[in-house]
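Enquirer: Before we start, here is the structure in question, set down as structure tokens.
Values in this text are rule-based calculations from the coordinates and carry no lab data. In this text, all values refer to a predicted model and were calculated from it rather than measured experimentally. We place every Cβ from the backbone using ideal geometry, glycine too, and count neighbours over all the protein chains shown.
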Amino acid sequence: MSASTHPIARRLSSLGESDRSLLALVMGLPLIDGIFPALVLAGALENPLDAIQIGLLIFGGSATVAVVLGEMDGTPREQARTVLVVGVPLILVAALQAAIAPSIASVLDLVTFERFAALVIAAIAAKTASARIGEYLPGPGVIIALGLLASLDPEGATFEILADPMLVANALLAAGIGVGFALSLAVFGPVLRRYVDVDRFRFGCALALGILPLSLLGMAFGQAPLAVLVVAGLFALDPDGEEGDEATAKQPTQSAADRAHRTDGGVRRSHDDAAEPGEEDSTVGESAIYDPYPSDDGTDTAGRAPWM
């Protein structure tokens, strides 16, 4: 699977002129269109486990997998260097957005904004699962802008930086987890390309993203999206890999006689059994002779219905 077959990565591939720019667009999109700040404001980074979950789903995820495994060229060392060049600024920007998030929260009705944050994640899940569905949904930036307008409450406006150091630390952890995930894909890419079915992983990511909004709305799902993502990764493994493909390619094809045996309902007899004593082999030729199944009684018994 390449970026051309992933709904989100395919949309961004026309904007990226190189591997580095395409990876930067895919991994930096949550920072550009406001998804990550929305999650910070919605309380999705309250503890380290939440940070790991957001890092894998938002900064990692199937789009990053599609780009690293399907589009990036070069040796694992070169790909790892590209990931680090993209990842270090991404971590710093994520920390900066988390640092000013409390100031933004002071002018918002967070209860209302959390609903829009959940809605934008649900839209991303739908876009990840199906490009056709994504065509009918508004972009994440549009949903977040509407959420800001609907939840705007400037009465308690304050401006503080680093008002919550733990929130900044969790944001650093989330971005670092996403970059580390992409780095591991680059390092182990030659093996993963053979033994991982990325389409399965994409649908697993879509399911995990679909559960995440329920957690944001206060339902007791906890780290269920992270568990779903781990299970999706396990199901995406294909231990046979290229060996299974080679075995399938080497498997002999059936002859016409074998296919006839499967379709005409007969029992195949060997050439020697088919020939009667004294008959010439030319009367049989190369074709196989079939007898009816033992249960097929061809006798015409008086008083018996034809179907009995």
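Enquirer: What three numbers, in Å, describe the spread of the alpha carbons of the stretch 57-181 along their principal axes, ordered from the longest?
Expert: 55, 38, 15 Å, listed from the longest principal axis down.
Enquirer: Continuing with this model, one more query. Of all GluC sites (Glu not before Pro) in the stretch 76-170, which ones are in loop regions per DSSP and have a Cβ with at most 15 other Cβ atoms within 10 Å?
Expert: Glu160
Enquirer: Still on this model: Equivalent-ellipsoid semi-axes (√(5λ), Cα gyration tensor) for the stretch 10-92, whole Å, largest first?
Expert: Ellipsoid half-lengths, sorted descending, are 24, 14, 11 Å.
Enquirer: Then there is this: At 10 °C and 1.306 mPa s, what whole-number value in µm²/s does Stokes-Einstein give for the translational diffusion of the stretch 3-246, with Rh from the Kirkwood sum over Cα pairs?
Expert: D, rounded to a whole number, is 87 µm²/s.
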